[in-house]
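No lab work stands behind these numbers, since they all come straight from the coordinates. All of these numbers come straight from a predicted model, not from anything done at the bench. With ideal geometry, Cβ positions are generated from the backbone for all residues, glycine too; neighbour counts draw on all protein chains shown.
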Amino acid sequence: MRAPFLALLVLCAAVAAACGGGNAQQAGPGGAGGRGGFPAMDVKTVTLTPKPIPQTSEFVATIKSLRSTNIQPQVDGFVRQIMVKAGDRVRAGQPLLQIDPDKQQATVATTQSQRAERDADLAFARQQLARVQKLFDAGAVSRQELEQAETNVKTAEAQLEAVASQIRESQVQLQYYRVTAPTDGIVGDIEIRQGEHAIHQAGIQEASTTEFGETPEPVVGLITEWMSEEGLQKRARGGDLGGTMRLGAYPAKLTGNSVVHSIYGSDNISERHRHRYEVNIHYKDQLESTGLLFSGMSPDGQLPEIVERPDHPWFVGVQFHPELKSRPFEPHPLFASFVEAALKQSRLV
């Protein structure tokens, strides 16, 4: 024990010499301890005590842009392709999503075929006018017949111009089927399926989600109450979002004779959730009146779990995360059904 003690004394002496800058004679009048040096200062010490750090996978924060744009398609249709994802940086004019333009393209083609008919009508009216003009000059027909032929030409010209205007309008409408970024920016959340149907089928022009801010038509909003294994869970609007997610497995009841009922082959299912926003149940009747079916609901009938469109080859939207119960050799029933429907549809094209 003697050797370590001596070593500690030597170390302390070396530190003292370094801090003092040498002996008192070397410090002199301007040294650390003499006149003109820096005065000694009190140092406050704090005793640190170890504390456990709670593990967490979610950090609650909200970042709001000074400028934001809520982009909504100007035309009705099914979304064929989404070209960006949340967080992507985009330039003004960059395509964001493509809506199926087949119906509008057919409208343009039909209108263009009508133009050919109107061209033929105008050519015939002009020929008739030229013939009647010669007969009038020869005194074989009356002025009334000549004026009638002139009127027929003007009518044919007006009909041709009307069709040309329809073609131009249809071609402009066709451009709306590709939604582009209005300005440079960063893509936020992309909520297409429910919002597209609400806006263009149910006629809720200001349909939006409270996740983007206040809205007069909150088709999607923050969940305030739901049942869990621990009992009734409540959250206040405008409160702290920490720990407000609806997490874990929850049951749902399926509508008989629905697509999802045939997929699951059961009246009741259990799926895993991770969300805090939900389709507003107050819009259920209005949305169903336009063809959307709420085919999966929470057992108390208050929270929509699944929506579908019976008139579509395969249109199913779910609130939960089916990928959390899917395996490479045991795919989730929804994924297997979607791939099967895609293969069947491809054979019809």
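If the viscosity is 0.890 mPa s and the temperature 25 °C, what Stokes-Einstein diffusion coefficient in µm²/s follows for region 103-175 when Rh is the Kirkwood radius over Cα pairs? Before the final figure, lay out each step's value.
On the way: Rh = 13.6 Å.
Answer, rounded: 180 µm²/s.
Using mean Cβ contacts within 10 Å as the protection proxy, how do 258-267, 86-95 order, highest first? Could you put the intermediate results ahead of the total?
Numbers: 258-267: 16.7, 86-95: 12.0.
Ranked by mean Cβ neighbours within 10 Å, highest first: 258-267, 86-95.
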Legend entry - Out-of-range pairs (alpha-carbon distance over 27 Å; input Lys284/Lys344; Lys134/Lys154; Lys103/Lys253; Lys253/Lys284; Lys51/Lys325): Lys284/Lys344; Lys103/Lys253; Lys51/Lys325
Legend entry - Theoretical gain in end-to-end length, Thr290 to Ala86 [0.36 nm per residue, Cα-Cα removed]: 70.5 nm
